[in-house]
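**Student:** Here it is, the structure, as structure tokens.
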Amino acid sequence: MARRRSGRDVVRVRAASSGKALLRTGNSVDLLVGHRVRALRLQHRFSQQALGAAIGASVEEIRQFEAGLKRIGAARLLAIAKVFDTEVGVLFGSSGTQAVNPMGGRAPPNTSRLLH
């Protein structure tokens, strides 16, 4: 039951202790990155515990990352990309083959070497 509210997703979760429904918000980019991390983890047959050990995070943090409830810092994003032998851009949905202009659209062909 996710509802969209001004660029953030509202997710209902149950509190373990009381069983009451709580509302948690997550940025849509955090959700996208978290889902991609989960997909890579499952594709490489890593458990949450194994991924956490590889990047210095707890199992609970991995759960929160994958659910989009906790933002993954740049150093951890880089560590995750290294664990799965991929580029950080893949975690954001980029194929990593073409440079993207931060102002929108594709960057001119000569600038791709500057962005790497």
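Bear in mind that the values in this text are calculations on the coordinates, not laboratory data. Nothing here was measured: the structure is a model prediction, and the numbers come from that model. Quick reminder, even Gly has a Cβ in these numbers, built from the backbone with ideal geometry, and neighbours come from all protein chains shown.
**Student:** Under 1.5 on a/c is rounded, so check that first for segment 48-92, then, if it is not, pick prolate when a/b is larger than b/c and oblate when it is not; a ≥ b ≥ c are the square roots of the alpha carbon gyration tensor eigenvalues.
**Tutor:** Verdict is oblate for segment 48-92.
**Student:** Using modelled amide H (1.01 Å from N, peptide plane; none on Pro or chain starts), what sits under 5 Å from the amide H of Ser94, excluding residues fewer than 5 places away?
**Tutor:** Residues meeting the amide H criterion: none.
**Student:** Taking the Cα-to-Cβ direction at Asn27 and at Glu87 and moving 7 Å from each Cα, how far apart do the two end points lie in nm?
**Tutor:** Label-label distance for Asn27 and Glu87, simple model: 2.2 nm.
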